[in-house]
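The values are calculated or read from the model by the stated rules, or taken from the named source; none is laboratory data. Because the structure is a prediction, the values reported are computed rather than measured. Positions of Cβ are backbone-derived with ideal geometry, glycine not excepted, and every protein chain shown enters the neighbour counts.
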Amino acid sequence: MRNLWTVLVVAVLLYSASPSRCDAATSVAPHTPGSNTTYSWTRRDLNAARKTEKPIILYIYDHEEKNNTFARQVERQLFPAEEVKKAFADFVYVMVRKDDKGWPIEILAKSDRGAALFVMTCDCTPVGSWARAGGSAPTLKQVAAAAEAAKAGNQAALDKMKRVPPKEFKQPEITRKVPVDKEEEKAPVQAPITIPGLNNEGAEKTGATKKTEPAKTVPVLTDE
């Protein structure tokens, strides 16, 4: 009887420690970056975002990163939080991929291999930003504090834009330098071969002209 209990205990321990059960308990559901629907996301570029005259939430994600931990944490945990939704009220919501053409490259590059979150005033000046490739998302208090700062400074930013309108943003064109091949060596042009006396070439050089002798008359013999 004791042996039977021993066998049962060992079987239960082995079953609870089986890899399949561990994987099921610790596995995380796959997440597609950019799939969050908590807010009315738009794809406004920098110029269009400024024209709204409202504080801006800019979220950039790396769509090529397969295990995007930062994007999963921001989109699944941060954005749906009631504290964050309340702080983000009356903002303009912009979500773009890292290869977007409507924002400066130095901003888009922050999302490489992860994601980036910017809280901005209406002139697109960041008052809070977080970008960590594979790192953890910001806390709710950090995001809420940045949102309040953006709201507080938005009017001053708007007044400044009206006094001094910012230049329209244009993504600089990337010019690729094409290596210039060396000019092919041209074969030297060979001077035409001339033979003195042929077609008066020699005469042209000396200024002489070739005399043409008159045709000789051959007497015709008759039977007279």
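What are the residues in segment 142-172 that are closer than 30 Å to ASN67 by Cβ and touching a residue at least 40 places away in the same chain (Cβ under 8 Å), if any?
Within segment 142-172, VAL143, ALA144, ALA147, GLN171 meet the criteria.
Out of curiosity, is LEU108 under 15 Å from the mean Cα position of the chain (by Cα), at negative phi, modelled with pLDDT of 95 or more and of a type in the set (A, V, I, L, M, F, W, C)?
yes
Could you check segment 40-96 for helices (runs of 4 or more DSSP H) lying wholly inside it with 2 or more residues that are within 26 Å of the chain's Cα centre (by Cα) and among the charged types (D, E, K, R)?
46-51
Which residues, taken from segment 57-69, are touching a Lys or Arg at 6+ places or on another chain (Cβ under 8 Å) and under 23 Å from GLU148 (Cα atoms)?
Residue satisfying the conditions is ILE60 alone.
Out of curiosity, is GLY128 more than 22 Å from the chain's Cα centre (by Cα), farther than 30 Å from ALA29 by Cα, small (Gly, Ala, Ser) and not in a loop (DSSP other than H, G, I, E, B)?
Here the answer is no, as GLY128 does not meet what is asked.
Given the conditions (1) out of contact with any Lys or Arg (no Cβ under 6 Å at 6 or more places or on another chain); (2) closer than 20 Å to TRP41 by Cβ; (3) in contact (Cβ under 8 Å) with a residue 24 or more places away in the chain, report the number of the one that ALA89 does not fulfil.
With (1) out of contact with any Lys or Arg (no Cβ under 6 Å at 6 or more places or on another chain); (2) closer than 20 Å to TRP41 by Cβ; (3) in contact (Cβ under 8 Å) with a residue 24 or more places away in the chain applied to ALA89, the lone miss is (3).
Need pairs with beta-carbon distance below 7 Å; first residue at positive phi and within segment 34-59, second assigned to a helix (DSSP H, G or I) and of a type outside the set (S, T, N, Q); sequence gap 6+ or separate chains.
Close Cβ pairs satisfying both conditions: GLU53/LEU158.
Looking only at residues that are surrounded by fewer than 20 Cβ atoms within 10 Å (Cβ to Cβ) and touching a residue at least 12 places away in the same chain (Cβ under 8 Å) in segment 73-83, which one is nearest to GLN142 (Cα to Cα)?
The extreme case among them is GLU83.
Applying the selection to segment 99-148, what residues are over 20 Å from THR37 (Cβ atoms) and charged (D, E, K, R)?
Listed by number, the residues that qualify are ASP99, LYS101, GLU106, LYS110, ASP112, ARG113, ASP123, ARG132, LYS141, GLU148.
Go through the residues of segment 27-39 one by one and say whether even a single one is at pLDDT below 60, hydroxyl-bearing (Ser, Thr, Tyr) and loosely packed, with under 11 Cβ neighbours inside 10 Å.
Within segment 27-39 (the criterion being at pLDDT below 60, hydroxyl-bearing (Ser, Thr, Tyr) and loosely packed, with under 11 Cβ neighbours inside 10 Å), the answer is yes, since at least one residue qualifies.
Among the candidates LYS167, LYS151, single out the residue that is surrounded by 15 or more Cβ atoms within 10 Å (Cβ to Cβ), over 16 Å from THR42 (Cα atoms) and charged (D, E, K, R).
From the options LYS167, LYS151, the qualifying one is LYS151.
Return yes when ALA49 is closer than 26 Å to GLY153 by Cβ, surrounded by fewer than 13 Cβ atoms within 10 Å (Cβ to Cβ) and aliphatic (A, V, I, L, M) and no when it is not.
Taking the combined requirement at face value, the residue does not satisfy it.
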